Amino acid sequence: MIRTFAELELDQNLISAIEDMGFERPTQIQSEAIPQALDGKDILASAPTGTGKTAAFALPALQYLQDFPRKRAGPARILILTPTRELAMQVADQTRTLAKNTNLNVFTITGGVMYEEHADILATTQDIVVATPGRLMEYIESERFDCRAIEWLILDEADRMLDMGFGPVVDRLSAECRWRKQTLLFSATLEGRGVEGFTEDLLKNPVKLEADPSRRERKKITQWYHRADSPQHKFSMLKHILTEQAERTIIFVKTRERLASLRLQLESAQIVCSWIQGEMPQDRRNNAISRFRDGEVNVLIATDVAARGIDLPDVSHVINYDMPRSADVYLHRIGRTARAGKKGNALSIVEAHDQEMIERVMRYIQEEIKERYIKEMRPEHKKPALKKKNKKKVKAAAAAKKKTAVKKKKK
Ligand code: ADP
Ligand code: MG
């Protein structure tokens, strides 16, 4: 097991960039993926959010470009695909920071950026391009981008790309990059629908890496929930938490409409916030994120679509103001806090109809999430006794199954 960056056989220029970033030792996925990637292997890697997957592919990519320097000017040699433009910019930023002692350059091709800017870019030599699939495909179709020089294809947040319906486009991009030497695929989970079939065509005999993060990397999120009697009660608790407990908070809501109404409520309570939602012009999203990142505001409201894959530093609290649609989205959300060794808090404010979801989440993460109370805001309603009901449901389902089995036998 590799424990230091020095053991990874990276060039000194990369090591000193890593040191400047304050990374002391590689995370588990980094120490597993980097040697395999440099060994020429295809990689299928999964590791939870916040465990340093970006550097796990960016570092070997940068090392590879230095080991095999280009002979003449030309198009991109490494292509990184990400599901969203924010994520593309973050990956590009981090890669540039790691590459700061080299001459290698990194570009992004994403939606929401003026065409002219890209046009300039594409006339120059590129080493690494970070792109969103849809936009890149448009570029290829109009012959403004050429994949023939791509040597490594890297897919970041592959599960999200599939969720967002990018599967077919990624397949086409994979075909465009058919002369590549290596493919690396990174994902928070490999469990989602279709990931298996999807990866089969993309990767050649991949090394499968599943980083179950070490204790040092996980378990630093304190999770709990509050029960609310009504929307008003819910908002009072939120206000209390934001003003009395939380420092830097992301609040998740389920729709744009919910976001809009919460925003107004917070404004009238004089709590300053910024917000991001799926359909929002690029500059406004960037603006919202940088206001939050720079500490100008300490509350960010987000929908799940908008928050996919974004790395927002130093978040003390993730609040599920609306419960997510599924347990794995819950995990993605709470992964926004306690990143790379920091401590964090994740809390949900649930109404009676959410009780079932919070219990499903507990089963999924196989951990108990405890209920907490806020003084003078205790819920009046009793906790719905879902467990019994669920048991009944299970029993009924089991009985039904038996019945059909008997029927089949009779036939
Ligand atoms: P993931 O893609 O797995 O969600 P990121 O690559 O976005 O995670 O990294 C999460 C955070 O951890 C980033 O802020 C990153 O700078 C930091 N980080 C990455 N690698 C290390 C490391 N080896 N030591 C400390 N912090 C790290
Ligand atoms: Mg990532």
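The values are calculated or read from the model by the stated rules, or taken from the named source; none is laboratory data. Not measured: the values here are computed from a predicted model. So basically every Cβ, Gly included, is an ideal-geometry build from the backbone, and we count neighbours across all protein chains shown. Heads up: the accessible areas ignore ligands, DNA and RNA and are worked out on the full protein's heavy atoms, side chains in. Shrake-Rupley method; radii C 1.70, N 1.55, O 1.52, S 1.80 Å.
Quick notes on this structure:
- Of residues in segment 158-189 being under 22 Å from Leu38 (Cβ atoms) and part of a loop (DSSP other than H, G, I, E, B), the one farthest from ligand 1 (Cβ to nearest atom): Trp179
- For segment 49-68, filtered to residues that are open to solvent by less than 30 Å² (accessible area, probe 1.4 Å) and of a type in the set (A, V, I, L, M, F, W, C), the residue that is nearest to ligand 1 (Cβ to nearest atom) is Ala55.
- Residue list for segment 7-32, filter: open to solvent by 70 Å² or more (accessible area, probe 1.4 Å) and either among the β-branched types (Val, Ile, Thr) or within 10 Å of ligand 1 (Cβ to nearest atom) (or both): Glu24, Arg25
- Listed by position, the helices (runs of 4 or more DSSP H) contained in segment 219-293 that have at least 3 residues being free of Cβ contacts under 8 Å to residues at least 24 places away in the same chain and closer than 24 Å to Lys342 by Cβ are 282-293.
- Flag for Ser268 being surrounded by fewer than 21 Cβ atoms within 10 Å (Cβ to Cβ), modelled with pLDDT of 85 or more and of a type in the set (Gly, Ala, Ser): yes
- Against the criterion of being open to solvent by 10 Å² or more (accessible area, probe 1.4 Å), away from ligand 1 (no atom under 12 Å from the Cβ) and either in the same structural domain as Lys220 (by TED's automatic domain parsing) or free of Cβ contacts under 8 Å to residues at least 24 places away in the same chain (or both), Lys71 qualifies.
- Conditions (1) open to solvent by 50 Å² or more (accessible area, probe 1.4 Å); (2) touching a helix residue (DSSP H, G or I) at 6+ places or on another chain (Cβ under 6 Å): number failed by Asp201: (2)
- Met1 meets each of the listed conditions (1) aliphatic (A, V, I, L, M); (2) within 16 Å of ligand 2 (Cβ to nearest atom); (3) surrounded by fewer than 16 Cβ atoms within 10 Å (Cβ to Cβ) apart from (2).
- Selection within segment 337-373 - part of a loop (DSSP other than H, G, I, E, B) and loosely packed, with under 15 Cβ neighbours inside 10 Å: Lys342, Lys343, Gln366, Glu367, Glu368, Arg372, Tyr373
- Residue check, Gly134 small (Gly, Ala, Ser), open to solvent by 10 Å² or more (accessible area, probe 1.4 Å) and not in a loop (DSSP other than H, G, I, E, B): yes
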